[in-house]
1. I need the peptides 96-109, 42-55 ranked by packing, meaning the mean over residues of other C-beta atoms within 10 angstrom, with the highest value on top.
2. Filter K211/K337; K47/K338; K17/K272; K8/K338; K17/K338; K50/K219 down to the pairs with a C-alpha to C-alpha distance above 27 Å, please.
3. Rounded to whole Hz and in sequence order, give me ³J(HN,Hα) for the range 42-52 from the Karplus expression 6.51 cos²θ - 1.76 cosθ + 1.60, θ = phi - 60°, writing x for Gly and Pro.
4. Only helical DSSP H runs with n ≥ 4 go in: add -39500 (n - 2.57) per run for the chain, normalise by residue count and round the 222 nm mean residue ellipticity to 500 deg cm²/dmol.
5. Cross-link candidates for K70: which aspartates and glutamates have Cα within less than 20 Å, leaving aside residues fewer than 8 places away along the same chain?
6. Tell me the GluC sites (Glu not before Pro) within the range 62-136 that lie in a loop according to DSSP and have at most 16 other beta-carbon atoms within 10 Å.
7. Note the full-extension length gain between V313 and E4 as 0.36 nm times their separation in residues minus their Cα-Cα distance, in nm to one decimal.
Amino acid sequence: MNFEAITKETIMRNPQKNMAERRLPSEIRIDPLTGRTARVCHFMELKWKKPDFDAWVKGTQSWCPFCPDKVMTLTPCFPGDLVPEGRLQRDDMVIFPNIAPYDSISAVATFGARHFIPMTAFTSERIAAALDFALEFFRRVARSSHSESVYHMIHWNYMPPSGSTVLHPHLQVFSSSTAPNLMRRELVDSRRYQEKNGTIFWDDLVAAERKADDRYLAKIGRTHFLSAYAPMGVVGDVLAVVEDVRCTLQLSEDDLMDIAAGIVSLLGEYDKMGLYSFNMGFFTGTPADDHFRFHLRLSPRTFFSQQLGTPDVGAMQYLLNESVCLAYPETINASLKKGFTPM
Ligand SMILES: [Zn+2]
C-alpha cells in the first residue's frame, strides 16, 4: 500500500515581529486507490461553537412534512407495483418518495416521530433500525426487478451545514443503475487493483492501516473503522469497511448494529469539538463485484467562518474537486480514538 504525499512549505515574514520569518507546512496527499489529491493545510484548532439549537428548532415543527401529524398526508406515495400500500411503515419510521428525486428510485426514510434529535442523542439501536428499514425498501426494489436495482445507497445529511433542508432527522435512500462519480471511480480502480495485484484493495488497506495504527480506529464485528489518508472533508473522514461484503444488500443485521455503534462513538467525539453536522454515504458494488468491499464514508461539516456563515467549501473543493483538510488525519484520529474502547 503506497501512502504518498508531496510536502510543501510557505515562507512569510511578520511585520509585527520585526519581519521574523515564519515557515508554514502543507501537504498534498494522494489517495492510494484513485490517485485523487487532498490538501492538508491551514492548520487550525479543531474547535467550533455550537449554536442555540432550541432557537434554531423553534417553529420548524409547524411546517415540518416529516412530523407524525403531517407525514401521512403531505408526503407522496410510491406507485402500486413498487409499494402497493403507498408508503413503508415500521414502528414510527416512514419511507416515502423524495419529492425532489435524485434518480427514478429516490426515497426518504425518517428516523421516527421525533422532530429533532441532537447528534449525541442518537443511539446505535435507532441508527441500526433506520438502516435496516431502508434495506427492507431496497429488497422491495430488488424483488420488483426494477432496472435501477443495481446500486443501493443511503446518504445521511445531518443538520443544515451538511446540505439538509429539513431538521427532522432522515436518510436519503435510493437505488440507481448509475454509480455517482467517486463510487464509479472506486469501482473501476478496485477492479484494476485486483487485476494488477491479485488482491482486494480494501482488504489490503485495512491490513496496512491496522498495522500502522495511526489512522486505524477499531474493529467492531467485521467492520473496520479508520481515518481516510486523503480525506474529502475539512475535519477528515472516517471509513467503515465491512469484511467480505460487496454490496448493501449483503449487510447483516449484526453489521448494521456494528456500523451504528461505530457511528455513535464518532458522533460523541465530534460533539466534543463543537461539531454538529455531517455527511454519511454508502459506497457499494453489486453482488458480482468481488474486487470491491462495501464501505461508508462519514465526514463532519462545519464553516470556514461561523460568524459570517461561510461554508467549509470554496473554489478549491467546489470547482477544482480538490479537498482541503485543516489538520493531519492522524491528529484527528488520535482524538477520535478516545471514543472507541479497545475490542
Ligand atoms: Zn418534524
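What follows draws every value from the coordinates through simple rules; no lab data is involved. Computed from a prediction, not measured in an experiment: that's the story for all the values here. Cβ coordinates were reconstructed from backbone atoms using ideal geometry, including for glycine residues, and neighbour counts include every protein chain displayed.
1. Numbers: 96-109: 18.4, 42-55: 11.8.
The packing order, highest mean first, is 96-109, 42-55.
2. Details: K211/K337 15 Å; K47/K338 16 Å; K17/K272 34 Å; K8/K338 31 Å; K17/K338 38 Å; K50/K219 30 Å.
Check vs 27 Å cut-off fails for K17/K272; K8/K338; K17/K338; K50/K219.
3. With coefficients 6.51, -1.76 and 1.60, one gets 3, 5, 8, 5, 7, 9, 10, 9, 7, x, 7 Hz.
4. Values: 8 runs with 91 residues, N = 343.
Calculated at 222 nm, the ellipticity per residue is -8000 deg cm²/dmol.
5. Correct list for K70: E85, D91, D92.
6. Details: sites: E85, E125, E136; in loops: E85.
Those that pass, being in a loop and sparsely packed, are E85.
7. Values: separation 309, 0.36 × 309 = 111.24 nm, distance 2.42 nm.
Here the answer is 108.8 nm.
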